[in-house]
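Comments concern the structure below.
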Amino acid sequence: MSGNSVMVTGVSLVTAAGGTTRESWSSLRAGRTGIVRNSLFDTSELLSDWAGQVTTERTGRIDRCYSLAERGVAQALAQAGLTPSDLPGPRTALVVGSSLGAMESLQAAHREAVLNDTVDAVTALDSQIHSVADFIATRFGVTGPRAVTSNACAAGAIAIGYAAELLWSGEVDRVVCGGVDPLASLSSYGFSCLGALDAEPCSPMSASTGLTLGEGAGFLVLERRETAERRGRDPRGDRRLRDQLRRLPPDGARSAW
């Protein structure tokens with residue numbers, strides 16, 4: 001497998017705790033919460049109005065999901081030292097994990113069809129689950145293979161696993177991969193009906209009575225080792241990258257890399 005070893009050359013986090021990887025990691029280490037009152041939709045009939053809401057602005061018709069994904073991919077590419085001119089061609093792939101995709105837009109189109117018997121075909125088509133990958137590919141010029149995994153909470157992890165398999169097989173040299181999901185009333189009402197939402201901001205390592213839904217995006221740039229070395233990237237990874245990915249055990253002590 002040494003000839004097919006995979007490097008992480010770029011990483012990003014767009015979360016309620018911070019709009020960048022550095023900000024998110026700093027908030028985690030400082031114990032700062034990103035949970036706020038949900039201001040995106042009516043929560044009056046939900047068990048909780050708390051949410052992990054990202055600070056972002058919607059531009060024009062772009063769905064919130066796409067805005068989050070765009071920010072995440074741009075940051076990962078920047079850390080990897082890549083620009084859109086490096087991405088066209090069959091050897092760069094894109095794999096995106098998402099459970100909801102552009103659910104906000106899809107719900108709006110469905111609501112209009114039900115209430116007013118009017119079908120916004122463009123919005124309905126542009127908010128299908130596969131469209132998040134189409135948007136990213138178009139925005140950043142990825143013309144190689146692309147796929148969307150939609151496996152609930154595991155979608156992003158499965159996207160990364162599939163990306164690694166593409167690299168190990170030799171099908172591609174580079175994969176932009178990760179996950180994105182927005183806050184949406186559909187999932188919020190679903191979890192509320194299940195009785196799963198905590199009435200107060202949840203604290204997973206203590207005595208929470210439920211969960212707090214959140215949103216965000218996280219992306220990696222994975223490359224075959226020889227591809228990264230040709231670009232002058234350190235095959236051992238960047239120390240800052242290792243620090244960003246270091247896991248913390250439940251007691252808060254630092255774990256070894």
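Check L47, L77 and return the single one that is in contact (Cβ under 8 Å) with a residue 40 or more places away in the chain, open to solvent by less than 70 Å² (accessible area, probe 1.4 Å) and out of contact with any Lys or Arg (no Cβ under 7 Å at 6 or more places or on another chain). Show your work before the answer.
Values: L47 fails: open to solvent by less than 70 Å² (accessible area, probe 1.4 Å).
From the options L47, L77, the qualifying one is L77.
Residues that are in a loop (DSSP other than H, G, I, E, B) and either free of Cβ contacts under 8 Å to residues at least 12 places away in the same chain or of a type in the set (A, V, I, L, M, F, W, C) (or both): does segment 96-116 have at least one?
yes
What number of residues within segment 140-157 satisfy the criterion of being of a type outside the set (G, A, S), at pLDDT 95 or above and either touching a Pro at 6+ places or on another chain (Cβ under 6 Å) or open to solvent by 30 Å² or more (accessible area, probe 1.4 Å) (or both)?
So the answer is 5.
Sort out which residues of segment 159-168 are more than 16 Å from A217 (Cβ to Cβ) and either open to solvent by less than 70 Å² (accessible area, probe 1.4 Å) or in contact with a Cys (Cβ under 8 Å, 6 or more places away or on another chain) (or both), and write them in order of number.
Once the filter is applied, which keeps residues that are more than 16 Å from A217 (Cβ to Cβ) and either open to solvent by less than 70 Å² (accessible area, probe 1.4 Å) or in contact with a Cys (Cβ under 8 Å, 6 or more places away or on another chain) (or both), segment 159-168 yields G161, Y162, A164, L166, L167.
Okay, residues lined up against (1) in a strand (DSSP E or B); (2) surrounded by 12 or more Cβ atoms within 10 Å (Cβ to Cβ); (3) of a type outside the set (D, E); (4) modelled with pLDDT of 95 or more:
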{"position": "G179", "(1), (2), (3), (4)": "yes, yes, yes, yes"}
{"position": "S192", "(1), (2), (3), (4)": "no, yes, yes, yes"}
{"position": "T209", "(1), (2), (3), (4)": "no, yes, yes, no"}
{"position": "A217", "(1), (2), (3), (4)": "yes, yes, yes, yes"}
{"position": "E226", "(1), (2), (3), (4)": "no, yes, no, no"}
{"position": "E229", "(1), (2), (3), (4)": "no, yes, no, no"}
{"position": "R242", "(1), (2), (3), (4)": "no, yes, yes, no"}
{"position": "G252", "(1), (2), (3), (4)": "no, no, yes, no"}
{"position": "S255", "(1), (2), (3), (4)": "no, no, yes, no"}
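The values are calculated or read from the model by the stated rules, or taken from the named source; none is laboratory data. This one's a predicted model, so the numbers in the text were calculated from it and none came from an experiment. Every residue, glycine among them, receives a Cβ derived from its backbone with ideal geometry; neighbour counts consider all protein chains shown. In case anyone asks, the SASA skips ligands and DNA or RNA and just uses the protein heavy atoms, side chains included. Shrake-Rupley method; radii C 1.70, N 1.55, O 1.52, S 1.80 Å.
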